[in-house]
Structures are given as structure tokens and as C-alpha cells.
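Below is one structure; the comments refer to it alone.
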Amino acid sequence: MPKNDLLLKALRKEPVERFPVWLMRQAGRYMREYRDLRAREENFMSFCKNIDLAVKVSLLPLELLKVDAVIIFSDILVPLSALGVEVEFVENEGPKLSWSGNLSDLKGYDAQENSYVYEIIRRVKKAQDEVPVIGFGGAPFTLVSYMIEGGSSRDFRKTKLYMWEREYDYRRLMELLVDTLESYLSHQIEAGADVIQLFDSWTGYLSREDYEEMVFPYVSELMGRLKRRYDTPLIYFFRGSSSFIDLAKQLPADALSVDWSVDLSVECVRSDKVFQGNLEPTVLYAREETVKLKALELLRSIPRRTGYIFNLGHGLAPDMEFDKVKLLVDTVKSFRIN
Ligand code: 1CP
């Protein structure tokens with residue numbers, strides 16, 4: 001059990017002396033120390049596979065920000081290369097993936113190809129017993145969208161057309177991702193991950209109907225399978241949160257990580273789910289007083305004494321200032337629940 005178990009307590013809705021805080025993308029380019037370590041490897045994939053460096057990077061936010069949880073350093077796209085998809089990160093452009101769109105060009109997932117990820121978890125656990133360790137994966141839809149788009153997208157046009165016009169293939173692909181993630185995340189849990197977060201970053205582009213018919217059943221199936229085997233808490237991060245929150249509440253997730261479209265002062269009363277979020281990341285570009293004010297406004301609006309985890313509504317960006325991020329964490333940590 002980590003010495004600081006605020007996150008685990010909040011997930012179980014047990015009393016906490018203050019709200020726990022960690023930030024999505026907390027280890028990243030906004031940190032000088034990250035950029036220094038990153039410079040030691042030529043490309044991002046080899047950086048993810050360098051166990052020593054990945055462990056160091058995972059621990060940076062604990063050392064420099066003193067957050068209440070460590071998320072292991074890796075990327076959601078990592079397991080896709082084990083399916084036979086070529087994954088590359090082009091500097092200043094983002095990920096580039098190549099796959100024909102045909103299921104016959106994919107291979108069965110071999111979890112051992114990602115054994116370095118499980119080793120990073122074991123080493124991060126061994127290196128510190130201060131805070132819980134979060135393992136993670138992309139949710140099936142978000143991973144499928146990268147496979148079909150071949151990278152980032154503005155409108156997810158290819159993914160939507162694939163979903164609508166090749167529904168059979170789309171569903172087979174989603175099933176393959178559910179099997180893959182079940183195996184990948186089970187290995188992370190076996191390696192010692194205290195919590196698992198699923199990132200469904202691009203659901204905000206979908207209609208409610210498509211989310212309900214084409215995305216929700218697969219997230220539900222994946223979480224159900226993990227829950228039958230483990231009691232490890234599961235957090236589901238999804239964008240477009242206010243449109244689908246009633247559906248997301250039906251998932252076997254322990255906590256919902258929501259974006260800033262959700263009014264937590266209302267949602268925390270309506271539902272007994274644990275919530276994580278949901279400060280607008282853009283607040284971090286504002287003046288110090290504004291950062292503090294916005295964080296306190298959110299904290300004061302939470303009508304709960306536990307069952308809440310402070311985070312952003314989406315991840316930190318590379319051009320944010322470290323000092324503002326630190327100020328944000330310190331502000332949350334000094335807030336007392338009354
Ligand atoms: O060169 C670099 O340093 C690349 C920047 C970078 C970093 C720091 C990428 C490339 N990935 C990561 C790490 C990362 N990615 C973590 C590490 C742990 C942490 O500190 O949080 C995590 C959890 C992720 C998850 C991730 N990767 C998501 C889901 C979260 C989110 O922000 O929505 C997504 C969508 C990705 C894809 C990805 N990885 C990297 C890039 C540039 C992108 C593309 C983002 C896009 O499509 O706009």
C-alpha cells in the first residue's frame with residue numbers, strides 16, 4: 001500500500017483529508033527535465049521502450065510537482081505496433097500509422113511484445129512507495145480512430161465513413177481491440193498497476209447515437225471483463241462528456257474522468273459515481289491569479305467530501321509553463337474540504 005493513498009481512498013469513497021490531484025500528460029515536454037531525457041533517444045518509440053528513461057520520466061511529476069499519483073510513461077499507441085500496424089512519431093507532426101484498413105493485414109496480439117511496459121510498472125513500483133501507480137490504455141474507439149485516420153484528425157471523416165459503410169469490419173476491429181486491451185491491461189495489473197485509466201480522447205466528435213451503438217458496448221465489454229478478474233479501480237476518460245454522461249454512468253467504471261462540458265456541482269449530486277476532472281487546460285495559459293482562482297472555484301463547487309479527484313478536463317500541452325502547473329497542484333493540495 002502506498003504511503004499516500006488519497007487517490008485509492010477517493011476511488012473507494014472513503015474519507016480523505018484533502019482531494020487528491022494528478023494531471024493527464026503530467027510527464028511531458030512542458031518540463032525541462034523531460035526534454036533533457038527525451039534528447040537522449042532519437043525517436044519517441046525508442047524513448048518509450050527505454051526502460052531506464054521511461055521510469056525516470058514517470059517519476060518526474062512526483063519529484064517536481066509532488067502529485068498524488070504517478071502515471072507510467074508510455075503512449076496509448078504502443079500496443080498497436082504489436083498488432084502489425086506501423087507506428088511512428090514524426091517530430092512536431094504527431095503520430096503516423098500505416099495500415100491497409102483490412103483485418104487480414106493485422107496479426108493476433110502478443111502481449112509479450114509490450115513486456116517493456118510491464119517492466120516499467122514493476123520498476124516504478126519498486127522505485128517508490130509514496131503514491132499509487134496508474135497504468136493505462138487507449139479505449140477501443142480512440143485506438144481504432146488512429147488506425148483508420150493514420151494519425152491525428154480534425155474531423156474523423158475516415159473513421160466515421162468506415163464505421164457507417166464498413167460496419168461489419170468496424171465491429172470486428174473493435175472486438176479485436178477489446179481482446180487486445182483486455183490482455184494488455186491485465187498484464188499491467190499483474191505487474192502492479194494500482195489503478196487503470198482508459199483514454200477515450202476523441203469520442204467528443206461522435207453523435208450520441210454513434211457513441212451509444214458503436215462505442216459504448218465495447219468499452220462496457222472490456223471493463224466488464226477486467227472487473228470479473230480484478231478489483232483494480234478503473235477510470236474512464238471520455239471527451240464530449242456532457243452528451244454521453246448518462247451512458248457512461250452505466251459502465252462498470254469506478255470513476256468517470258470528464259471534460260469541462262460537465263457541471264460537477266450538479267453531477268456530483270445527481271449521481272454517486274466517483275468523478276475526476278475537469279479544469280479547462282487553457283486556464284494554465286492565464287495569469288497566476290487566474291489559475292488559482294479557477295482552481296479554487298472548481299474545488300469549492302464540489303458538493304462532496306470524497307469521491308472526487310482533481311484533474312484537468314484534458315491533458316497538459318507542451319507549451320504550458322511549469323511554474324503555473326506547479327502553482328495549480330499546490331493550490332489543490334492546500335485546499336481544505338469543509
Ligand atoms: O516527443 C514527444 O515528447 C511526444 C509527446 C508525447 C508524450 C509526452 C506523446 C506523443 N505521448 C506522450 C506521453 C503520453 N501519452 C502519456 C504519458 C503519461 C502522462 O504523463 O500522462 C499518456 C497517458 C499519453 C496518452 C495519449 N497519447 C493520448 C490520450 C490522452 C490525451 O491527451 O487525449 C493520446 C490521444 C495520445 C496520442 C499521442 N501521443 C503523442 C502525440 C503527439 C499524440 C497525438 C495527439 C493528437 O492526436 O492530437
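Does at least one position in region 238-250 carry a residue that is surrounded by fewer than 22 Cβ atoms within 10 Å (Cβ to Cβ), away from the ligand (no atom under 14 Å from the Cβ), within 16 Å of the chain's Cα centre (by Cα) and of a type in the set (S, T, N, Q)? Scanning region 238-250 turns up no residue that is surrounded by fewer than 22 Cβ atoms within 10 Å (Cβ to Cβ), away from the ligand (no atom under 14 Å from the Cβ), within 16 Å of the chain's Cα centre (by Cα) and of a type in the set (S, T, N, Q).
Only one of the numbered conditions (1) farther than 19 Å from Trp22 by Cα; (2) free of Cβ contacts under 8 Å to residues at least 40 places away in the same chain; (3) open to solvent by less than 60 Å² (accessible area, probe 1.4 Å); (4) of a type in the set (A, V, I, L, M, F, W, C) is not met by Val269, and that is (3). Tally the residues that are under 18 Å from Leu296 (Cβ atoms) and either open to solvent by 10 Å² or more (accessible area, probe 1.4 Å) or of a type in the set (Asp, Glu) (or both), restricting the search to region 256-266. Total meeting the criteria: 3. In region 185-202, the condition of being within 16 Å of the ligand (Cβ to nearest atom), under 18 Å from Met147 (Cα atoms), open to solvent by 20 Å² or more (accessible area, probe 1.4 Å) and touching a residue at least 12 places away in the same chain (Cβ under 8 Å) is met by at least one residue.
Of all residues in region 118-128, none are among the β-branched types (Val, Ile, Thr) and either more than 16 Å from the ligand (Cβ to nearest atom) or under 15 Å from the mean Cα position of the chain (by Cα) (or both). When region 2-40 is filtered for residues that are in contact with a Leu (Cβ under 8 Å, 6 or more places away or on another chain), under 23 Å from Cys268 (Cβ atoms) and either part of a helix (DSSP H, G or I) or within 12 Å of the ligand (Cβ to nearest atom) (or both), the ones remaining, listed by number, are Trp22, Leu23, Met24. Of all residue pairs spaced 6 or more apart or on separate chains, those with beta-carbon atoms under 6 Å, a first member in region 298-327 that is open to solvent by 10 Å² or more (accessible area, probe 1.4 Å) and within 15 Å of the ligand (Cβ to nearest atom) and a second member that is not small (Gly, Ala, Ser) and not in a loop (DSSP other than H, G, I, E, B) are His314/Pro281; Met320/Leu284. The strands (runs of 3 or more DSSP E) found wholly in region 75-142 and carrying at least 2 residues that are in contact with a helix residue (DSSP H, G or I) (Cβ under 6 Å, 6 or more places away or on another chain) occupy 86-90, 133-138. Within 13 Å of the ligand (Cβ to nearest atom), open to solvent by 20 Å² or more (accessible area, probe 1.4 Å) and either of a type in the set (A, V, I, L, M, F, W, C) or closer than 30 Å to Lys333 by Cβ (or both): is that true of Phe89 in this structure? Yes.
Could you check, for region 214-225, whether at least one of its residues is within 13 Å of the ligand (Cβ to nearest atom), among the β-branched types (Val, Ile, Thr) and either open to solvent by less than 60 Å² (accessible area, probe 1.4 Å) or touching a residue at least 60 places away in the same chain (Cβ under 8 Å) (or both)? Talk me through it step by step, then tell me what you get.
The initial filter retains those residues of region 214-225 that are within 13 Å of the ligand (Cβ to nearest atom), namely none.
So far as region 214-225 goes, no, none of its residues is within 13 Å of the ligand (Cβ to nearest atom), among the β-branched types (Val, Ile, Thr) and either open to solvent by less than 60 Å² (accessible area, probe 1.4 Å) or touching a residue at least 60 places away in the same chain (Cβ under 8 Å) (or both).
Only residues that are away from the ligand (no atom under 13 Å from the Cβ), open to solvent by less than 20 Å² (accessible area, probe 1.4 Å) and closer than 22 Å to Phe19 by Cα were counted across region 52-86, and they come to 1.
The values are calculated or read from the model by the stated rules, or taken from the named source; none is laboratory data. What you see is a predicted model; the values in this text were computed from it and never measured. FYI the Cβ positions are ideal-geometry reconstructions off the backbone, even for glycines, and counts take in every protein chain you see. Ligands, DNA and RNA are excluded from the accessible area calculation, which covers all protein heavy atoms including side chains. Shrake-Rupley method; radii C 1.70, N 1.55, O 1.52, S 1.80 Å.
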